[in-house]
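Notes follow the structure.
The values are calculated or read from the model by the stated rules, or taken from the named source; none is laboratory data. Not measured: the values here are computed from a predicted model. In this analysis, Cβ positions are derived from the backbone assuming ideal geometry, glycine residues included, and neighbour counts consider all displayed protein chains. For the accessible areas, the whole protein counts, side chains as well, though only heavy atoms, and no ligand, DNA or RNA atoms are used. Shrake-Rupley method; radii C 1.70, N 1.55, O 1.52, S 1.80 Å.
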Amino acid sequence: MNKTQNIPEAVPFKFGKKLKMWLGIAAGFGLLALLWAVFIQQVPSSRIWANMWLNALMFLFLGLGALFFWTVNTLGESTWQINIQRVLESMGLTIPFAIIMFIIAFPGMKDIFEWTHTEHLDKVLLKKTAYLNVTFWMIRLVIYFAFWSFFAIYMRKISIKNDFEPHENYLVRLRNTSGWFMVFFAISSSMAAWDWLMSIDAHWFSTLYGWYIFSGLFVAALAVIIIITVAFKHFNILPNVNEEHLHDLGKYLFGFSIFWAYLWISQFLLIWYSNIPEETFYYVERVNNFKTLFYVNLGVNFLFPFLALMVRNSKRQPLYLAFVALIVLLGHYLDLYIAIMPGAVGHENASIGILEIGLPFFYLAAFLAVFFVSFAKAKPVPENHPYFIESSNYENL
């Protein structure tokens with residue numbers, strides 16, 4: 001492929017000792033926070049396991065959201081994102097490793113999920129045992145991870161092959177595979193949300209819940225994509241990323257933050273208006289006992305990005321956009337906290353302390369380590385992709 005002279009070459013990424021050292025420090029800090037909570041503070045076991053479950057889900061959601069973003073762009077044959085495609089690929093490759101984080105949290109299932117206490121089930125939970133039982137729950141989990149991991153690994157393999165032997169057949173295979181992934185993802189993402197989050201409050205259900213969790217995981221993944229893209233642009237690893245690409249990423253962050261808020265208020269208002277005790281207790285617990293966090297969640301995940309990204313130029317300033325993305329990422333971590341803690345821990349034992357602040361550093365370090373290893377194994381950009389030049393000269397009209 002002939003390259004135009006105005007397209008600079010990317011600097012190869014190396015996962016060096018200094019970066020590994022910083023990730024090691026972050027991971028060590030997270031482990032120390034966990035040990036402090038267990039042995040010094042002696043916090044309730046339910047709080048320990050709930051935090052581990054929260055972070056395992058966040059680890060998975062970042063990779064899953066990136067894989068969704070890659071596949072939906074591939075299926076739509078969009079060109080603008082080709083320069084950040086390797087970021088999306090490498091984030092997607094963290095999915096197989098997320099199962100390790102889940103396995104670590106498995107011993108705490110009885111502390112997190114009420115329906116696992118089979119000897120104390122009431123009439124409502126007894127009616128759900130055909131679906132909510134440990135064996136079937138585990139089978140579903142294995143199926144989700146098996147297919148998500150297959151799609152992430154297979155599509156990455158095809159993308160790398162196209163680097164060395166460019167062929168239209170590879171692009172056709174990527175599009176077709178993306179289509180199959182979208183079908184499976186549409187079903188599995190909602191079911192996983194029911195299994196892993198909604199079943200924490202097993203007496204309650206919402207038909208909007210799967211979409212609500214999807215919107216949150218996608219916005220969180222977008223935030224990380226923006227932060228990594230800005231950092232890589234700064235270090236000339238992605239030199240062809242310009243303010244036009246950042247503008248599109250900013251629009252996605254802006255738009256899907258509004259979409260998240262739409263689902264948040266839709267779910268809340270429907271339950272508030274019906275005023276059925278079996279439905280309202282979910283919000284009563286959160287409004288009464290987590291009031292500050294409940295409203296901060298709405299402010300950080302909707303009002304803040306809405307106001308911060310409303311102006312066009314705000315989405316074209318790298319450092320400013322990365323800062324907004326960081327705040328939104330923390331906001332969606334808070335959103336998961338509110339989804340998990342009231343049901344798994346209760347307001348008597350829930351808190352935000354050293355454990356909640358420190359433990360995420362371990363999971364973040366593990367996520368970035370897997371990401372950096374994957375990113376370093378390929379060229380920073382797919383230069384032999386037929387849309388690469390168009391993406392590098394992209395203009396946002």
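Report, ordered by the first and then the second residue, all pairs with beta carbons closer than 7 Å, sequence separation of six or more or different chains, a first member in the stretch 361-377 that is in contact (Cβ under 8 Å) with a residue 24 or more places away in the chain, and a second member that is of a type in the set (Ser, Thr, Tyr) and outside any helix (DSSP H, G or I).
Short answer, once both residue conditions are applied: 367/94; 370/94; 371/94.
For the stretch 245-273, give me the residue count where each residue is over 18 Å from residue 86 (Cα atoms) and in contact with a helix residue (DSSP H, G or I) (Cβ under 8 Å, 6 or more places away or on another chain).
Residues in the stretch 245-273 being over 18 Å from residue 86 (Cα atoms) and in contact with a helix residue (DSSP H, G or I) (Cβ under 8 Å, 6 or more places away or on another chain): 18 in total.
Which one of these is in contact with a Phe, Trp or Tyr (Cβ under 8 Å, 6 or more places away or on another chain) and modelled with pLDDT of 95 or more: 323, 306?
Selected residue: 306, the only one of 323, 306 that is in contact with a Phe, Trp or Tyr (Cβ under 8 Å, 6 or more places away or on another chain) and modelled with pLDDT of 95 or more.
Tell me which residues, restricted to the stretch 350-386, are in a loop (DSSP other than H, G, I, E, B) and open to solvent by 60 Å² or more (accessible area, probe 1.4 Å).
352, 377, 379, 386
Which one is least open to solvent (accessible area, probe 1.4 Å), of the residues in the stretch 9-21 that are farther than 21 Å from residue 86 by Cα and of a type in the set (D, E, K, R)?
The extreme case among them is 18.
With the structure loaded, tell me whether residue 301 is in contact with a His (Cβ under 8 Å, 6 or more places away or on another chain) and closer than 20 Å to residue 341 by Cα or whether it fails that test.
yes
When you go through (1) at pLDDT below 95; (2) of a type outside the set (Phe, Trp, Tyr); (3) under 18 Å from the mean Cα position of the chain (by Cα) one by one for residue 77, which number turns out not to apply?
Among (1) at pLDDT below 95; (2) of a type outside the set (Phe, Trp, Tyr); (3) under 18 Å from the mean Cα position of the chain (by Cα), the lone unmet condition for residue 77 is (3).
Please find, within the stretch 313-337, the residue that is least open to solvent (accessible area, probe 1.4 Å) out of those that are aromatic (Phe, Trp, Tyr) and either in contact (Cβ under 8 Å) with a residue 60 or more places away in the chain or closer than 16 Å to residue 219 by Cβ (or both).
Among residues in the stretch 313-337 that are aromatic (Phe, Trp, Tyr) and either in contact (Cβ under 8 Å) with a residue 60 or more places away in the chain or closer than 16 Å to residue 219 by Cβ (or both), the one least open to solvent (accessible area, probe 1.4 Å) is 337.
Taking the stretch 132-158, which residues are in contact (Cβ under 8 Å) with a residue 60 or more places away in the chain and either open to solvent by 10 Å² or more (accessible area, probe 1.4 Å) or in contact with a strand residue (DSSP E or B) (Cβ under 7 Å, 6 or more places away or on another chain) (or both)?
132, 151, 153, 156
Checking residue 310 against (1) assigned to a helix (DSSP H, G or I); (2) under 25 Å from residue 73 (Cβ atoms); (3) in contact (Cβ under 8 Å) with a residue 12 or more places away in the chain, which single condition isn't satisfied?
For residue 310, the failing item is (1).
Name the residue, out of 293, 321, 238, that is within 20 Å of the chain's Cα centre (by Cα) and of a type in the set (A, V, I, L, M).
Unique residue meeting the criteria: 321.
Out of all the residues in the stretch 22-32, which are open to solvent by 100 Å² or more (accessible area, probe 1.4 Å) and within 21 Å of residue 234 (Cβ to Cβ)?
Within the stretch 22-32, just 22 meets the criteria.
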